[in-house]
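The values are calculated or read from the model by the stated rules, or taken from the named source; none is laboratory data. Everything numeric in this text was worked out from a predicted model, so none of it was measured. All Cβ positions, glycine included, derive from the backbone under ideal geometry; neighbour counts span all protein chains shown. Ligands, DNA and RNA are stripped out before the accessible areas are found, and what is left, the full protein with its side chains, is counted by its heavy atoms. Shrake-Rupley method; radii C 1.70, N 1.55, O 1.52, S 1.80 Å.
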Amino acid sequence: MAQRVDPDARREQIADAVIEEIAAHGLRSVTLARIAARTGLAIGSIRHYFGDTLREVMRFTLGTLIQRVVHRDVGLSDDPATRITDAITFAAPTSEQERKENIALVEYRVMARTDQEFAADIAATSLAGATMIRSLLRDALADRTIDDDALHREAILLFAVIEGFSFSSALSSAPLREADVRAVVTATLHRLRDSYPLRESRPAHGRGDQRSR
């Protein structure tokens, strides 16, 4: 009796082949024939899971990449400042598999500039990331005096750091070193926090005692 194939596992295998192909030769090199060669599956089998178009395979692979980033296992510190360092370090591609997945995501993002169908998913992911960074930064600066406009600009700066790690890794032949990423983010946060004064503590009972005249 033939062993039953798990459809989800098969789709994941095909997505991994697409990621490998993009990392090796670029997104526009992906064809059903190349996917078949990497997976050992017949083109007909690939079509069985995704229909007749390569585009469905590409859409599924993008969704897989996004889900892997979202669900990557990470432990965040209880300290607000360290927590944001943990989050940015976690987002950086510091393993070979993460480097390949990051290359694929970067290529999808470039393609999304002129492809509205992919653009919607990419934009939603970027917005979620920027919103998370702003929330974490607000917590990290809770003891500092900073207005909303300044907080917005500092969040943009930190998100640009994440983008910089992503694009530099995509152009590199090796993953980023986690220790380097953490050191850069920690130093950036220290400089950022030092740019804003501590909030003044308010007396527990109004303005406090005053000398009677």
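So here's what we get for this one:
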{"quantity": "Inter-residue pairs, beta-carbon under 8 Å, first among the charged types (D, E, K, R) and in region 73-93, second surrounded by fewer than 16 Cβ atoms within 10 Å (Cβ to Cβ) and in a helix (DSSP H, G or I), 6+ apart", "calculated": "Arg83/Asp139"}
{"quantity": "Residue that is farthest from Ile84 (Cα to Cα), among those in region 148-202 that are touching a strand residue (DSSP E or B) at 6+ places or on another chain (Cβ under 7 Å) and basic (Lys, Arg)", "calculated": "Arg199"}
{"quantity": "Top-ranked residue in region 104-144 [being basic (Lys, Arg) and surrounded by 12 or more Cβ atoms within 10 Å (Cβ to Cβ); ranked as farthest from Arg59 (Cα to Cα)]", "calculated": "Arg144"}
{"quantity": "Pairs with Cβ under 6 Å, 6+ apart, first in region 150-168 and surrounded by 15 or more Cβ atoms within 10 Å (Cβ to Cβ), second outside any helix (DSSP H, G or I)", "calculated": "Phe165/Ala92"}
{"quantity": "For Asp147: the one exception among (1) farther than 29 Å from Val30 by Cβ; (2) surrounded by 19 or more Cβ atoms within 10 Å (Cβ to Cβ); (3) out of contact with any Asp or Glu (no Cβ under 8 Å at 6 or more places or on another chain); (4) at pLDDT 95 or above", "calculated": "(2)"}
{"quantity": "Residue tally, condition open to solvent by 40 Å² or more (accessible area, probe 1.4 Å) and under 16 Å from the mean Cα position of the chain (by Cα), over region 63-93", "calculated": "13"}
{"quantity": "Residue within region 161-172 that is β-branched (Val, Ile, Thr) and assigned to a helix (DSSP H, G or I) present", "calculated": "yes"}
